[in-house]
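Nothing in this text is a laboratory measurement; each read-out follows from the coordinates by a stated rule. The structure presented is a predicted model; accordingly, all values stated were derived computationally and were not measured. All Cβ positions, even for glycine, are placed from backbone atoms using ideal geometry, and neighbour counts span all protein chains on display.
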Amino acid sequence: MSRRRVLSILSAAGLAAAVPPLKAGASPGPGATPGPTPGTDRLLANTTTIFAGTPEVNTHPAVAAKLTAVDSTAATWRTALTNAGDGELFAGLPLGTSDPNLNASFQHLYEIALATATPGTTLHGDETAQQEVKDGLVWLHEHYYGDQSAGYYGNWFTWEIGISTHVGKTLALLAEAAPADLTTTYVASMDAYLRNGTDGDVNLDSRFHTGANLADITTNRMIQGALLGDEARIRKAIEDQLTVFATIDPYALRHGNTDGYYADGSFIQHHSVAYTGSYGRALLTRVVQTLKILDGTGFADGAVLVPVVQRWVTDGFAPLIFEGWMMEIVKGRAVSRTATGYSDVATVVEAVVDLAEHAGDQDRGRLRGYVKAIRSTSRASLNPATFVSPVSAAAYADLVADDTVEPADLNPPERCVAFNAMDKTVHRRPGYAFALARSSDRISKYEYMNHENLMPWFQGDGAHYLYLSGADQSQAFGVDYFTTVSPYGLAGVTAPVEERRTIPQLYGTPYYENPGHPLNFTSSSESQNTYVYFPRGTNGHSGGATLGAYGSAALVQSSDVAWAAKQDGVLPDDFVVYRNATATKSWFLFDDEIVVLAAGVGGDAGRGATSTVDARIAPAADPVTATGALRSGASWTGPGTADLAWLRYANPAQGSAVGYVFLSQQPVRVALDTVTRSRRVVRTSNPDTAVTKRVFGVAVDHAADAAPSSHVWALVPHATEATLAAYGTASPIEVLANTADVQAVRHTGLRLTGVNTFSAGPHEAGGLSVDGPASVLAQTRAGRLTTVAVSDPTMDRDAIEVLLPGRTLTRVAGDRAVTVEHTAGGALLRVGTHQAYGRSFGITLRG
């Protein structure tokens, strides 16, 4: 389906068309007894099928392990139920002050109920176990949930989403065994705990009821409506959930909401956090489950929505998944969790398998081929027993066994994606993928929350991740990367030389508490979000252009909003802030090289700084080497510090190699250390597991008393020593400019010029004259063709002018936003960038 068709679906009329009018008498009305109405029985049956399977499906060999796991889990918690002490429903989970323990207690009741509803388990249909679940629900409500004045402590999510999710599914699985009064009692309490809502219902103007959170709440309310026989509740929940399908227009926000999917494939949650790999996954899972829950009920036309979700997969998820691994740049605080990027992708695969069943023939084939492609390239075997649904596990196994389905990635072999709406860039080539994390006054530098991601300070300051094909990415990235690599030495980062303290170290709690201050600092206040949990930067220059499969990125590094607010006297005296280092950076993304330019680099305020060229980890016993050549031509072996012309990292045990070509002259420090740390240094609730890794780092140091400096280097994935040595005699990279005003390179082999400009006025580089801040790529091709791509990295400009001096060029093709004017000085391109939000506009010229 075309992008135009998808966008038409997302109009108000398109969304409304997905929900048929409410039938007369569909709502039971005040005081009515809950009971089945047309469609509600099907909705509850669908819900049960999703989580418990069917007698036929559950005989599938691929489901056997899942049935065993369901049985084992239920047995564990029935034992804990029997052994519970005072103030516990389950042994080891004391209740009264811990909302995680209360949520877990409801979860474990659900897990027992699931076993009683799942055909093929030993507890299937077990009335004793069902009675235990009902008794548990009654006891929890009477003692720890029903009293509204005593509840709602801890995390709002527990009370508005977590418990409601478990209770709704539990009651659905109990089916007729659930007393009607138990259902009505719980639904009334769940409504009352929806305190960020309005009158016990969703509030689309609430900052809590957005994106993935809104999808969770509304799915819960659909199930509640089916339990009550209240079609009006179901319909209202569907209408509310439909808002998450609408593409976010940053220039015309609905309900002030910035959370959701953007036109360029970006996904934002928590208002300013790039979050495709965590909350985005949750949203994908939930809306696909909703399609399944509503199938055949008559409440909504799922076929209208399938193309929208498919676009999320193609443009949002596929670029961020490399050989079965979810990239770190879109995981927020989840980067500190022990679950791997492979397990992240398993949940995406389950959703895609289910989505394919609802897609048209052609789209179904593409989605199924993508699942096969992930399986064929991933270094981790995907275990369908981890799927939520037995039906999905069986469908996945059948797909894998279907020889008529050929693996086919949704990504072309060469792809460059500028996710400018979330300040991220992904560059893919056969053999590697490069992921870059930027930030700005629009997008957060990082996310910290709930003792997770304790040392995140520089994760959005140009941090990069270079994924090599064929490697086990869990040995190179994931939680162990953040555990063993210094937070000041993440790959790509320029950081000041100083020691920072985590939020718990600063304040003794996982947040800054000061409710008496005018900003009302509490655990979930807006000020906590703004200044502690996910602060944004203070400079708006972060973006880049794409030209076909090539790209550029640009960033003016800045201190965060907390630093600026403290200087303005806005924050309390005891609120600790940190000042960032300074740097203006560009990345030019070619086939064999990623070229990095940095200017205006310094620690600022009398501090030194360190720019990390790259950082990689490997198992402790791997034979990692660092070899290179001095600028004089002599061979060199690291670790150590030297004026290097090039360097090669190699790890034969993993089949990995990366080359570094230094296109500017400066001492380069190479470290190769064995580091042991506990995974708890990045997340308090991680197991206290000591991790030992070989940590390789390449860095350029900036002295505290030195003037701001500039540097250029290139990353060359899979480079051999001979390849790297050749850059000294026949380098295809020509550095045209590297200042805080303009950074530019030319790749002679590709006949491609990249220019990033950062200040007002005209800038000359590479035969181009660019007026004001911009990102420009220009490539000449056979037939006297020149293709130019232009993007506004500030998101603020109405138009950008680019002059191609001394040439008479005629338009061949291009975007309507680009016009050509023939002037005495040459061909003047005027690019309309008003409200383009970083989109690249292109034109092809002949002459």
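Which number comes out as Rg/Rh for segment 529-595 once both Rg and the Kirkwood Rh are worked out on C-alpha atoms?
Ratio value, two decimals: 1.16.
Angle check, please: helix 390-401 long axis (alpha carbons) against the longest principal axis of the chain (alpha carbons), in degrees 0 to 90, nearest 10.
Helix 390-401 and the main axis of the chain meet at about 50 degrees.
Which whole-number percent gives the relative contact order of segment 289-393, counting Cα pairs below 8 Å spaced six or more residues apart? Working shown, then result.
Values: 76 pairs, mean separation 27.2, N = 105.
Averaging sequence separation for qualifying contacts and normalising by length gives 26 percent for segment 289-393.
For each of 579, 679, count neighbouring Cβ atoms within 10 Å of the residue's Cβ, then give the residues from fewest to most.
So the residues, fewest neighbours to most, are 579, 679.
Once you sort the root eigenvalues of the Cα gyration tensor of segment 355-455 as a ≥ b ≥ c, which label holds: rounded (a/c under 1.5), prolate (a/b larger than b/c) or oblate (the other case)?
prolate
How long are the three semi-axes of the equivalent ellipsoid for segment 735-846, computed from the Cα gyration tensor as the root of 5 times each eigenvalue, in whole Å, largest first?
On the way: eigenvalues 73, 60, 34 Å².
Ellipsoid semi-axes (Å, largest first): 19, 17, 13.
Going from the alpha-carbon gyration tensor of segment 36-193, what semi-axes, largest first and in whole Å, does one get by taking the root of 5 times each eigenvalue?
Over the Cα atoms of segment 36-193, the ellipsoid semi-axes are 26, 19, 13 Å.
Quick check on the chain: take the gyration tensor over C-alpha atoms, sort the square-rooted eigenvalues as a ≥ b ≥ c, and tell me if it's rounded (a/c under 1.5), prolate or oblate.
prolate
Just to check, using Stokes-Einstein with a Kirkwood Rh over alpha carbon pairs, what's the diffusion coefficient of segment 623-689 at 20 °C and 1.002 mPa s in µm²/s?
Rounded, D is 154 µm²/s.
What's the extension gain from residue 811 to residue 82 if we count 0.36 nm per residue and subtract their Cα-Cα distance?
Result for the pair: 254.6 nm of gain on full extension.
From the convex hull of the Cα coordinates of segment 780-831, what is the mean projected area in square nanometres?
On the way: hull surface 16.0 nm².
Averaged projected area of segment 780-831's Cα convex hull equals 4.0 nm².
Here is the link list: 66/331; 134/236; 331/445; 445/566; 66/372. Which ones come out longer than 19 Å on Cα distance?
Details: 66/331 27 Å; 134/236 29 Å; 331/445 12 Å; 445/566 17 Å; 66/372 21 Å.
66/331; 134/236; 66/372, as the Cα separations exceed 19 Å there.
Quick one: which of 597-607, 553-563 comes out on top by average Cβ neighbours within 10 Å, and what's the full order, highest first?
Working: 597-607: 20.1, 553-563: 24.6.
Put in order of decreasing packing, that is 553-563, 597-607.
Please report Rg (one decimal) and Dmax (integer) in Å for the Cα set of segment 198-329.
Final numbers for Rg and Dmax: 14.8, 47 Å.
Take peptides 393-406, 44-57 and line them up by average Cβ neighbours within 10 Å, highest first, as a rough protection proxy.
44-57, 393-406
Quick one, can you get me the convex hull of the C-alpha atoms of segment 410-463 expressed as volume per residue in Å³? Mind showing how you got there, number by number?
On the way: hull volume 5.9 nm³, N = 54.
Hull volume over Cα atoms, normalised by residue count, gives 110 Å³.
Give the residue list of chymotrypsin sites (Phe, Trp or Tyr not before Pro) in segment 195-266 that are DSSP loop and have at most 11 other beta-carbon atoms within 10 angstrom.
Counting only loop positions with at most 11 other Cβ atoms within 10 Å, the chymotrypsin sites (Phe, Trp or Tyr not before Pro) in segment 195-266 are 251.
Around residue 707, under 15 Å between beta carbons, what's the net of Lys plus Arg minus Asp minus Glu among the other residues? Before the final figure, lay out the partial values.
Numbers: positive: 607; negative: 604, 701, 705.
Overall, the nearby charge balance is -2.
Once both axes come from the Cα atoms, what is the angle between helix 231-242 and the longest principal axis of the chain, in degrees from 0 to 90, rounded to 10?
Value to nearest ten degrees: 10.
Ordered by residue, what ³J(HN,Hα) values in Hz, to whole numbers, does segment 730-747 give under the Karplus form 6.51 cos²θ - 1.76 cosθ + 1.60, where θ = phi - 60° and Gly and Pro are x?
Values, residue by residue: 8, 6, x, 9, 10, 7, 9, 6, 8, 10, 6, 9, 8, 10, 8, 9, 10, 9 Hz.
If you average the alpha carbon positions of segment 583-648 and of segment 95-160, how far apart do those two centres end up, in angstrom?
54 Å
When the C-alpha atoms of segment 447-528 are aligned to their principal axes, what extent does each axis show, in angstrom, from largest down?
Each principal axis gives a Cα extent; for segment 447-528 these are 54, 26, 20 Å.
Compute the projected area of the convex hull of the Cα atoms of segment 415-730, averaged over all viewing directions, and report it in nm² to one decimal place.
16.4 nm²
Given R₀ = 35 Å, what would the calculated FRET efficiency be for residue 578 paired with residue 153, taking r from the Cβ atoms and rounding to 0.05?
Working: r = 31 Å, r/R0 = 0.90.
After rounding to 0.05, the efficiency reads 0.65.
From the square roots a ≥ b ≥ c of the eigenvalues of the alpha-carbon gyration tensor of segment 141-272, which class results: rounded (a/c under 1.5), prolate (a/b over b/c), or oblate?
Prolate, since a/c reaches 1.5 and a/b exceeds b/c.
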